[in-house]
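**Student:** This is the structure I have questions about; it appears just below.
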Amino acid sequence: MSNTHLTLPKNSKWTVLEEINNYIVKAQCGCGHIEYPQKWDLEHDYLMCDACRRKFGGQGVRKRKDITQKDLEGTEWTLLQTHIKKDVYGHWFSWVRCSCGREQYVTNSNLKSKRSTMCKECANAKQKH
Ligand SMILES: [Zn+2]
Ligand SMILES: [Zn+2]
């Protein structure tokens, strides 16, 4: 059904539904929750969704500064998934959708500070007016 070639750990609760890009898949946790985790995480220590981790004793819960849709008020972004990716500097990224429908990563700090309010294409289009 999928050709994503992922090898999940035996105790993983995830089912890969769809490949989004080279890094991200759409996956469903055993509890029914759907998110967009990184392939690398799925193949290593990301065994279940956060809600399930909390339920099962909180083992391995990541330290996160939570970001919510409220933080994005006044921007074009819709929050799809928080903390899906961490770069080599330790910056967390969220997966967001612009009002024009484009989806991309933005660092959480840029979202929180509203340095990023829309996708590049929308920003360019706005500048032309
Ligand atoms: Zn779950
Ligand atoms: Zn846009």
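**Student:** Which residue is modelled with the highest pLDDT, if the candidates are limited to the range 26-51 and must be in contact with a Lys or Arg (Cβ under 7 Å, 6 or more places away or on another chain) and either more than 11 Å from ligand 1 (Cβ to nearest atom) or among the basic types (K, R) (or both)? Lay out the reasoning, then the answer.
**Tutor:** Kept after step one, since they are in contact with a Lys or Arg (Cβ under 7 Å, 6 or more places away or on another chain), are these residues of the range 26-51: 29-30, 34, 36, 38, 47-48.
Applying the additional criterion that residues be either more than 11 Å from ligand 1 (Cβ to nearest atom) or among the basic types (K, R) (or both) yields 36, 38.
Working: Y36: 87, Q38: 83.
Here the answer is Y36.
**Student:** If you scan the range 102-118, which residues turn out to be in contact (Cβ under 8 Å) with a residue 12 or more places away in the chain, within 16 Å of ligand 2 (Cβ to nearest atom) and surrounded by 14 or more Cβ atoms within 10 Å (Cβ to Cβ)?
**Tutor:** Residues of the range 102-118 in contact (Cβ under 8 Å) with a residue 12 or more places away in the chain: 102-109, 111-112, 114, 116-118.
Filter once more, keeping what is within 16 Å of ligand 2 (Cβ to nearest atom): 102-106, 111, 114, 116-118.
Across the range 102-118, the qualifying residues are R102, E103, Q104, Y105, V106, L111, S116, T117, M118.
**Student:** Of (1) touching a Leu at 6+ places or on another chain (Cβ under 6 Å); (2) more than 21 Å from W92 (Cα to Cα), G32 satisfies all except one. Which?
**Tutor:** Result: G32 passes all but (1).
**Student:** Just to be sure I understand, how many residues within the range 7-25 are modelled with pLDDT under 90 and exposed (fewer than 15 other Cβ atoms within 10 Å of the Cβ)?
**Tutor:** Total satisfying the criteria: 6.
The values are calculated or read from the model by the stated rules, or taken from the named source; none is laboratory data. The structure presented is a predicted model; accordingly, all values stated were derived computationally and were not measured. Don't worry about glycine lacking a Cβ; one is built from the backbone with ideal geometry, like all the others, and counts go over all protein chains shown.
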